[in-house]
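A.B. asks: Structure in structure tokens, see below.
The values are calculated or read from the model by the stated rules, or taken from the named source; none is laboratory data. The shown structure was predicted, so the numbers you read here are calculated from the model rather than taken from an experiment. In this analysis, Cβ positions are derived from the backbone assuming ideal geometry, glycine residues included, and neighbour counts consider all displayed protein chains. Only protein heavy atoms, including side chains, enter the accessible area calculation; ligands, DNA and RNA are left aside. Shrake-Rupley method; radii C 1.70, N 1.55, O 1.52, S 1.80 Å.
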Amino acid sequence: MYGSDKAVTDDTDRTEFRKTEKKYKLYYDQNSKRKKQPKQVDLSEVLDFKSFLDSYHQNGELPPEIEVVDCRFDRPVFGLESRPGFYFIPGALSVDEQCRWIRESLMSFPQPPNRTNHNAIYGPISDLFIAAKERKVLVEDENMPARSDSASNGCVGNGDTRRWSFCEEDSVLLRGKSCKPVSAFVLLRKLRWSTLGLQFDWSKRNYNVSLPHNKIPDGLCQLAKKLAAPAMPVGEEFHPEAAIVNYFASGDTLGGHLDDMEADWSKPIVSMSLGCKAIFLLGGKSREDPPLAMFLRSGDVVLMAGEARECFHGVPRIFTDKENAEITALELHFCDENDILEYIRTSRININIRQVF
């Protein structure tokens, strides 16, 4: 689902959604004398809900296609006339809330029994962020005895006879050539997703209720219930049962897809954006429907319910350059937490929460 930054020049057989993904995707100028110079992209057609919010506060005016949703919420909620069930809440999260959930996404959410993209190779990994901060390495050791305690401190396993453990890089030299170290820092940077609550089985594209899991943390659960309110049917309450946390680095994309594995599409997906600014594409019920592009900034929340659940959507671009990332407030808050600061300067995190049943 994540893409690379290799350019493809042939538009033959591309869908309208794919063409728009290509339009906004990060490509580098091969003729530039400076290394890794991003190609310029025309952003004039990208919807900017922050600008709409400013205009609405100043004079009550909005572009024709943008509407204010009539709901009892503590801030303006915007919708799109052409996409019923889609809601955009700009700046829904305070900077303190953003920082809290960035910390949780890096330190707590990848912890077992939650699963990550690393499980397929290494099994469950404990304390990855701490190991990366301490510049440790993950060592494959075929002689290490199997452990039934998969959440043991600093130990991981994937069910076969091999086991991995975090150790100091210097100690790896003493183990000889049989040792295959992997930098914890590299593993953190290659973290692409983690799952909370009911665990999603990516190979079967469904929820596997038999997999070990913890309930979604109460703080996140209460926040999701509050944020979901504008999109909920009258008299009903949102029940968060699962969440997928996506981690984006520069050049990463999330291809056009549907979130269609939940039983009741009248209940919204609550999507929270954290870190660097991104472009979000919202298409129609076919990949041939031209998608709308919009900016997602840290603290923005998107809700997709009802008909909007049938719309293809994706993220073709995140902005990590200082001019466009728009994370100054986060940088100020994390000035004494250098490891998080360095991570978030080049990354985006998305937490999307769902009611499964």
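A.B. asks: Examine the range 318-327 for a residue that is within 24 Å of Leu80 (Cα to Cα), modelled with pLDDT under 95, out of contact with any Asp or Glu (no Cβ under 6 Å at 6 or more places or on another chain) and not basic (Lys, Arg), and state whether such a residue exists.
C.D. replies: Checking the range 318-327: not a single residue is within 24 Å of Leu80 (Cα to Cα), modelled with pLDDT under 95, out of contact with any Asp or Glu (no Cβ under 6 Å at 6 or more places or on another chain) and not basic (Lys, Arg).
A.B. asks: Determine whether the range 229-241 contains at least one residue that is of a type in the set (A, V, I, L, M), in a loop (DSSP other than H, G, I, E, B) and farther than 16 Å from Tyr122 by Cβ.
C.D. replies: Start the filter on the range 229-241 by keeping residues that are of a type in the set (A, V, I, L, M), which leaves 229, 231-232, 234.
Checking which are in a loop (DSSP other than H, G, I, E, B) leaves us with 232, 234.
Next cut, farther than 16 Å from Tyr122 by Cβ only: 232, 234.
Checked against the condition, which is being of a type in the set (A, V, I, L, M), in a loop (DSSP other than H, G, I, E, B) and farther than 16 Å from Tyr122 by Cβ, the range 229-241 yields at least one hit.
A.B. asks: For Val315, which of the numbered conditions (1) buried (at least 21 other Cβ atoms within 10 Å of the Cβ); (2) part of a loop (DSSP other than H, G, I, E, B) fails to hold?
C.D. replies: Every listed condition holds for Val315 apart from (2).
A.B. asks: OK, next. Out of the strands (runs of 3 or more DSSP E) lying entirely within the range 29-109, which hold 1 or more residues that are more than 27 Å from Ile349 (Cα to Cα)?
C.D. replies: Of the strands (runs of 3 or more DSSP E) lying wholly inside the range 29-109, those with at least 1 residues that are more than 27 Å from Ile349 (Cα to Cα) span 66-68.
A.B. asks: Suppose we keep only residues that are of a type in the set (A, V, I, L, M, F, W, C) and part of a loop (DSSP other than H, G, I, E, B) within the range 208-222. Which one would you say is least open to solvent (accessible area, probe 1.4 Å)?
C.D. replies: First pass over the range 208-222, keeping only residues of a type in the set (A, V, I, L, M, F, W, C): 209, 211, 216, 220-221.
Imposing the further condition that a residue be part of a loop (DSSP other than H, G, I, E, B) reduces the set to 209, 211, 216.
Values: Val209: 92, Leu211: 38, Ile216: 17 Å².
The residue in question is Ile216.
Yes/no per residue for (1) assigned to a strand (DSSP E or B); (2) within 27 Å of Ser210 (Cβ to Cβ); (3) touching a residue at least 24 places away in the same chain (Cβ under 8 Å); (4) touching a Pro at 6+ places or on another chain (Cβ under 7 Å):
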| residue | (1), (2), (3), (4) |
| --- | --- |
| Ile244 | yes, yes, yes, no |
| Phe248 | yes, no, yes, no |
| Asp252 | no, no, yes, no |
| Asp259 | no, yes, yes, no |
| Trp265 | no, yes, yes, no |
| Met272 | yes, no, yes, no |
| Lys285 | no, no, yes, no |
| Gly299 | no, no, yes, no |
| Glu307 | no, no, yes, yes |
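A.B. asks: Within the range 107-125, restricting attention to residues that are out of contact with any strand residue (DSSP E or B) (no Cβ under 8 Å at 6 or more places or on another chain) and either open to solvent by less than 10 Å² (accessible area, probe 1.4 Å) or of a type in the set (Gly, Ala, Ser) (or both), which residue is farthest from Val186 (Cα to Cα)?
C.D. replies: Among those that are out of contact with any strand residue (DSSP E or B) (no Cβ under 8 Å at 6 or more places or on another chain) and either open to solvent by less than 10 Å² (accessible area, probe 1.4 Å) or of a type in the set (Gly, Ala, Ser) (or both), it is Ser108.
A.B. asks: While we're on this one: Do the conditions hold for Ser51, that is, is it more than 26 Å from the chain's Cα centre (by Cα) and either of a type outside the set (Val, Ile, Thr) or open to solvent by 40 Å² or more (accessible area, probe 1.4 Å) (or both)?
C.D. replies: Values: more than 26 Å from the chain's Cα centre (by Cα): no; either of a type outside the set (Val, Ile, Thr) or open to solvent by 40 Å² or more (accessible area, probe 1.4 Å) (or both): yes.
Answer is no for this residue.
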